[in-house]
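A quick write-up on the structure given underneath.
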Amino acid sequence: MSDSTYTQLLDLACGAFLLAAVVVLWRRDLASIVRVFAFQGLALMAIATLLGLHEHRWDLLAVAAGIGVLRAGVLPFLMRRALAASGETRETQPLVNVAASLLTAAALTLLAYAVSRPLVELDPSPATRALPVGLAVVLIGFFILVTRRRALSQVVGFLLLDNGITAVAFLAASGVPLIVELGVSFDVLLAVLVLHILTTRMRAAFGRTDIDDLRELRD
Amino acid sequence: MTPATTTAVLTAPIVVPLAVACLYAGARRRGLTAWAGLLSPAAILACGSVLAATVPDGGPVTIDGSLLRADALTAWMLLVVGAVAALACAAGPAYLAHERAAGHGGRGAARQYNALVHGFLAAMCAAVLAANLGVLWVAIEATTIVTAFLVGHRRTRASVEAAWKYVVICSAGIALAFLGTVLIYYAARQAGVSEAWALDWPTLVARADRLDPDVTRLGMALVVLGFGAKAGLVPLHAWLPDAHSQAPAPVSALMSGVLLAVSFTAVLRYKVIADAAIGHGFTRALLTGAALLTLALAAAVLLGQRDYKRMLAYSSMEHMALIALGGAIGSPLAIAAVLLHIAGHGLAKTVAFTSSGHILHLRRTTRIGRVRGLLARAPGLGAVFGLATLALLALPPFSLFASELGIARAGFAAGMGWPTALALGLVLVAFAALSSRTARMLLGPAPDAPGTPAVPKRLGTTAALPLVTGLLACAALGITTGPLTRLLSDAAAIIGGH
């Protein structure tokens, strides 16, 4: 693979990765949000695969396959099951409307580019130049986490945050050591399972999974 | 130590609690005796003592090719975790008996409770013993996952809400800490450290001066924010009062007494790296800001608090803020005071939370206004709760007096007079709030509610023993650190000596 093809493909994968985050912000239908999230997992797998091919590191390809299974397969499957069990299909009116959310996403992307300047300057290469994309997805994930009201949307926000961090790790340093990557993936999987069970309990206690109902505890 | 002993001492604090957790989870027909739970704290304390005896002379120990390592700070934290866990596990059977009597959950719930508590201990010990910063992160995130169901143990609306907030805020917060870790890893790789060693703490400390300052600064800010969330520092503190007030009393004790401190020692480890790479100023400013804001918030909310478990939770935030201030000062004296404060606060808060569980069982309310005349109604329990509050107010002879004095002295000596003076003012406000509320609970005649016996209620030996032991240990630490003095100063030198 020539260097220019590699750069173009990498930029394409990173573009798809960022676009998926923005589409999650745009859609209100929960089932399509889960589909877009699975698509983002594939984009993340593509980024890791490209890096592995470029650096001729076969262990990275294995990690990429693992990421694909977890983030485009297992996690979306869990979310679809939670969705089917709940019978809720749409995000209720979010705290910030869609137009304002998309504008905020643009602002957050600019912020990510501004903040990550020192990161790019440390070692300018095609991979690190795409690094702000990962940071932008982290910020968008955080934004979804604080403005959405359905329990499932919050889980998606948390997972976007996590996808973004994994992308930063790959683009900056070709991923963290394998043992750490394994531990992190395992923790994320367990966190989603825990949230899944808590959603079930929340439905048993409150009748629905609107975060607005969580107002028993206050000072 | 021989390699075999080292391996045993470094792995036992993780393996023994895990084994006990599996035993509880697997013991189906006849429930395992509740006292088997004391096995884990005993193992942790024993390994901590062996390390405390050998590390000051022999230096840090590690197993070749593994990710575990122990230095003086590890030994100190293991002792604190072991001591608090011993008190909390000893209080476990009484808590479960109360729950059964009140009709909440049967043997299955008790089995789940015990298995999760010991899994929690294993995760905390792994965090304390980790040499690799990635493993440290994984272990601290594991504590969130294990404790989620402990917070939601009672399955009421309030506890499900607390568990949800806890998992979402802590997982998102700690994800930021992982981003910070990734950035420091990136800086280390660019500084020429090989992949296998770029997250190894001793290697990073040795090579810290070659890390890129801008990247390290960004990474450190994320780490303080992220691990600060787990340590109860502003701005990601909102989970703490809910989780601590809804969790079973012994679990609140463990979370407040040691989990917050274990997360904060992670910040301290990163601080050594950041200080060498970018100087003291940046981390000091971050930690001072977080400490003062947390302290102001805790003091303000304490003034209007009407729920005694939430009152204890906000008092934890107050003490974590003081610990963060000590970390910001960063001199060896300040760090020694911080470590002593961690131990004293852990013991005192454990006693306070455990006795609050007994009060809840006795009065069936967490409202401060409805618990009047506790000293007349249950003299033993009232006295223990009162003494634990005195310890938390940092009155002598309890060790928090010595450590708060140490932090204040170090602050003025390090030229941080204004922040320290401001913090002391806020501590006074919290003091007034905490003491007036506790006095309202303890003093006055016992109310004549219909259907309650007029005879004072006895606490019982098994319930009283851990509480009194905790108070005695806290007071003993305040009078002298005895054989632990050397360990304490060594541990302080690891963080403050750079």
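Residue-wise test of (1) under 21 Å from B:A491 (Cα atoms); (2) surrounded by fewer than 16 Cβ atoms within 10 Å (Cβ to Cβ).
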site: B:T2; (1), (2): no, yes
site: B:V20; (1), (2): no, no
site: B:T33; (1), (2): no, yes
site: B:V55; (1), (2): yes, no
site: B:P60; (1), (2): yes, no
site: B:A72; (1), (2): yes, no
site: B:V81; (1), (2): yes, no
site: B:R107; (1), (2): no, yes
site: B:R111; (1), (2): no, no
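For B:A130, state whether it is over 16 Å from B:F353 (Cβ atoms) and touching a residue at least 40 places away in the same chain (Cβ under 8 Å).
Values: over 16 Å from B:F353 (Cβ atoms): yes; touching a residue at least 40 places away in the same chain (Cβ under 8 Å): yes.
Taking the combined requirement at face value, the residue satisfies it.
Of all residues in the range B:169-189, count the ones that are closer than 30 Å to B:A115 by Cα, at the interface with another protein chain (Cβ under 7 Å from one of its Cβ atoms) and buried (at least 24 other Cβ atoms within 10 Å of the Cβ). Steps first, answer last, please.
Going through the range B:169-189, the residues closer than 30 Å to B:A115 by Cα turn out to be B:169-178.
Applying the additional criterion that residues be at the interface with another protein chain (Cβ under 7 Å from one of its Cβ atoms) yields B:171-172, B:175, B:178.
After this cut, where a residue has to be buried (at least 24 other Cβ atoms within 10 Å of the Cβ) as well, the list is B:171, B:175, B:178.
Total meeting the criteria: 3.
Looking at the structure I just gave you, is B:E141 outside any loop (DSSP other than H, G, I, E, B), facing another protein chain (nearest Cβ under 7 Å) and under 24 Å from B:I184 (Cβ atoms)? Let's see the steps before the verdict.
Values: outside any loop (DSSP other than H, G, I, E, B): yes; facing another protein chain (nearest Cβ under 7 Å): yes; under 24 Å from B:I184 (Cβ atoms): yes.
Spelling it out, B:E141 is indeed outside any loop (DSSP other than H, G, I, E, B), facing another protein chain (nearest Cβ under 7 Å) and under 24 Å from B:I184 (Cβ atoms).
For the range A:175-204, name all the residues that are hydrophobic (A, V, I, L, M, F, W, C), surrounded by fewer than 18 Cβ atoms within 10 Å (Cβ to Cβ) and farther than 26 Å from A:H54 by Cβ. It would help to see each step written out before you state the result.
The initial filter retains those residues of the range A:175-204 that are hydrophobic (A, V, I, L, M, F, W, C), namely A:176, A:178-180, A:182, A:184, A:186, A:188-195, A:197-198, A:202, A:204.
Subset that is surrounded by fewer than 18 Cβ atoms within 10 Å (Cβ to Cβ): A:178-179, A:182, A:186, A:189-190, A:193, A:197, A:204.
Across the range A:175-204, the qualifying residues are A:F186, A:L189, A:L190, A:L193, A:I197, A:A204.
Would you mind stating whether B:A72 is touching a residue at least 40 places away in the same chain (Cβ under 8 Å) and touching a strand residue (DSSP E or B) at 6+ places or on another chain (Cβ under 8 Å)? It would help to see each step written out before you state the result.
Values: touching a residue at least 40 places away in the same chain (Cβ under 8 Å): yes; touching a strand residue (DSSP E or B) at 6+ places or on another chain (Cβ under 8 Å): no.
Spelling it out, it is not the case that B:A72 is touching a residue at least 40 places away in the same chain (Cβ under 8 Å) and touching a strand residue (DSSP E or B) at 6+ places or on another chain (Cβ under 8 Å).
Kindly evaluate B:A123 against the criterion of being within 20 Å of B:F264 (Cα to Cα), without any contact (Cβ under 8 Å) to a residue 40 or more places away in the chain and part of a helix (DSSP H, G or I). Steps first, answer last, please.
Details: within 20 Å of B:F264 (Cα to Cα): yes; without any contact (Cβ under 8 Å) to a residue 40 or more places away in the chain: yes; part of a helix (DSSP H, G or I): yes.
It is true that B:A123 is within 20 Å of B:F264 (Cα to Cα), without any contact (Cβ under 8 Å) to a residue 40 or more places away in the chain and part of a helix (DSSP H, G or I).
Among the residues of the range B:292-310, write down those that are outside any helix (DSSP H, G or I) and basic (K, R).
Initially, the range B:292-310 is screened for residues outside any helix (DSSP H, G or I), giving B:304-307.
Listed by number, the list holds a single entry, B:R306.
Is it true that A:A151 is of a type in the set (G, A, S) and more than 7 Å from chain B (Cβ to nearest Cβ)?
yes
Which numbered condition in (1) within 19 Å of B:T461 (Cβ to Cβ); (2) surrounded by fewer than 22 Cβ atoms within 10 Å (Cβ to Cβ) is the only one that B:H358 fails?
(2)
Can you name the residue in the range B:128-138 that is outside any strand (DSSP E or B) and more than 14 Å from B:G48 (Cα to Cα) and, of all such residues, is farthest from the other protein chains (Cβ to nearest Cβ)? Spell out how you get there, then give the answer.
To start, the set of residues in the range B:128-138 that are outside any strand (DSSP E or B) comprises B:128-129, B:131, B:133-138.
Cutting the leftovers down to more than 14 Å from B:G48 (Cα to Cα) gives us B:131, B:133-138.
On the way: B:A131: 12, B:L133: 9, B:G134: 3, B:V135: 7, B:L136: 10, B:W137: 8, B:V138: 3 Å.
It comes out as B:A131.
Would you pick out the residues in the range A:83-115 that are within 19 Å of A:L19 (Cα to Cα) and buried (at least 16 other Cβ atoms within 10 Å of the Cβ)?
Scanning the range A:83-115 gives A:S101, A:T104, A:A105, A:L108, A:T109, A:A112.
How many residues, within the range A:26-45, are buried (at least 19 other Cβ atoms within 10 Å of the Cβ) and more than 19 Å from A:V188 (Cβ to Cβ)?
1
Failed condition for B:G281, given (1) in contact (Cβ under 8 Å) with a residue 24 or more places away in the chain; (2) part of a helix (DSSP H, G or I); (3) out of contact with any Ser or Thr (no Cβ under 7 Å at 6 or more places or on another chain), with all others met?
For B:G281, the exception is condition (1).
Among the candidates B:T11, B:T6, B:T2, B:T33, single out the residue that is modelled with pLDDT under 90, over 16 Å from B:A90 (Cβ atoms) and among the β-branched types (V, I, T).
Result: B:T2 is the single residue among B:T11, B:T6, B:T2, B:T33 that is modelled with pLDDT under 90, over 16 Å from B:A90 (Cβ atoms) and among the β-branched types (V, I, T).
Out of all the residues in the range B:190-215, which are under 17 Å from B:I278 (Cα atoms), out of contact with any Phe, Trp or Tyr (no Cβ under 9 Å at 6 or more places or on another chain) and either β-branched (V, I, T) or facing chain A (nearest Cβ under 7 Å) (or both)?
Across the range B:190-215, the qualifying residues are B:Q190, B:V205, B:D214.
Sort through A:A167, A:A172 and tell me the only one that's at the interface with another protein chain (Cβ under 8 Å from one of its Cβ atoms) and surrounded by 24 or more Cβ atoms within 10 Å (Cβ to Cβ).
Working: A:A167 fails: at the interface with another protein chain (Cβ under 8 Å from one of its Cβ atoms).
One residue alone meets the criteria, A:A172.
Between B:S263, B:S252, B:S256, which is closer than 26 Å to B:M416 by Cβ, within 16 Å of the chain's Cα centre (by Cα) and surrounded by 24 or more Cβ atoms within 10 Å (Cβ to Cβ)?
Of B:S263, B:S252, B:S256, the one residue that is closer than 26 Å to B:M416 by Cβ, within 16 Å of the chain's Cα centre (by Cα) and surrounded by 24 or more Cβ atoms within 10 Å (Cβ to Cβ) is B:S263.
Enumerate the helices (runs of 4 or more DSSP H) found wholly within the range A:19-118, keeping only those where 3 or more residues are more than 14 Å from chain B (Cβ to nearest Cβ) and under 13 Å from the mean Cα position of the chain (by Cα). Explain how you work it out, then say what you get.
Working: elements: A:30-55, A:58-68, A:75-86, A:98-115.
The helices (runs of 4 or more DSSP H) meeting that bar are A:30-55.
Within the group B:L374, B:L347, B:L400, B:L393, which residue is out of contact with any Gly (no Cβ under 6 Å at 6 or more places or on another chain) and of a type in the set (A, V, I, L, M)?
Numbers: B:L374 fails: out of contact with any Gly (no Cβ under 6 Å at 6 or more places or on another chain); B:L347 fails: out of contact with any Gly (no Cβ under 6 Å at 6 or more places or on another chain); B:L400 fails: out of contact with any Gly (no Cβ under 6 Å at 6 or more places or on another chain).
Going through B:L374, B:L347, B:L400, B:L393 in turn, just one is out of contact with any Gly (no Cβ under 6 Å at 6 or more places or on another chain) and of a type in the set (A, V, I, L, M): B:L393.
Does any residue of the range B:77-84 turn out to be in a helix (DSSP H, G or I), over 14 Å from B:G37 (Cβ atoms) and without any contact (Cβ under 8 Å) to a residue 60 or more places away in the chain?
Of the range B:77-84, the ones in a helix (DSSP H, G or I) are B:77-84.
Going one step further and asking which of them are over 14 Å from B:G37 (Cβ atoms), we end up with B:77-81, B:83.
Going one step further and asking which of them are without any contact (Cβ under 8 Å) to a residue 60 or more places away in the chain, we end up with none.
No: zero hits.
Scan the range B:347-362 and tell me whether some residue there is modelled with pLDDT under 90 and closer than 21 Å to B:A433 by Cα. Steps first, answer last, please.
To start, the set of residues in the range B:347-362 that are modelled with pLDDT under 90 comprises B:361-362.
Subset that is closer than 21 Å to B:A433 by Cα: none.
Checking the range B:347-362: not a single residue is modelled with pLDDT under 90 and closer than 21 Å to B:A433 by Cα.
Out of everything in the range A:119-130 that is in a helix (DSSP H, G or I) and facing another protein chain (nearest Cβ under 9 Å), what residue ends up being surrounded by the most Cβ atoms within 10 Å (Cβ to Cβ)?
Applying the filter and picking the extreme gives A:L119.
Of these, A:R71, A:R35, A:R57, which one is touching a residue at least 40 places away in the same chain (Cβ under 8 Å) and farther than 27 Å from A:T7 by Cβ? Step through it out loud before you land on a result.
Numbers: A:R71 fails: farther than 27 Å from A:T7 by Cβ; A:R57 fails: farther than 27 Å from A:T7 by Cβ.
The match here is A:R35.
With the requirement that a residue be charged (D, E, K, R) and assigned to a helix (DSSP H, G or I), what does the range B:405-448 give you? Let's see the steps before the verdict.
Residues of the range B:405-448 that are charged (D, E, K, R), as a first pass: B:409, B:437, B:440, B:448.
Across the range B:405-448, the qualifying residues are B:R409, B:R437, B:R440.
Any idea which residue in the range A:180-219 is farthest from the other protein chains (Cβ to nearest Cβ), counting only those that are hydrophobic (A, V, I, L, M, F, W, C) and within 19 Å of B:G180 (Cβ to Cβ)? Give the derivation first.
As a first pass, look at the range A:180-219 and keep what is hydrophobic (A, V, I, L, M, F, W, C): A:180, A:182, A:184, A:186, A:188-195, A:197-198, A:202, A:204-206, A:211, A:214, A:217.
This time we only want the ones that are within 19 Å of B:G180 (Cβ to Cβ), so: A:180, A:184, A:188, A:191.
Numbers: A:V180: 3, A:V184: 6, A:V188: 8, A:A191: 5 Å.
Here the answer is A:V188.
Can you pull out every residue in the range B:148-163 that is surrounded by 24 or more Cβ atoms within 10 Å (Cβ to Cβ) and either of a type in the set (A, V, I, L, M, F, W, C) or more than 10 Å from chain A (Cβ to nearest Cβ) (or both)?
B:A148, B:L150, B:V151, B:V160, B:A162, B:A163
The values are calculated or read from the model by the stated rules, or taken from the named source; none is laboratory data. Since we're looking at a predicted model, the values are computed, not measured. All Cβ positions, even for glycine, are placed from backbone atoms using ideal geometry, and neighbour counts span all protein chains on display.
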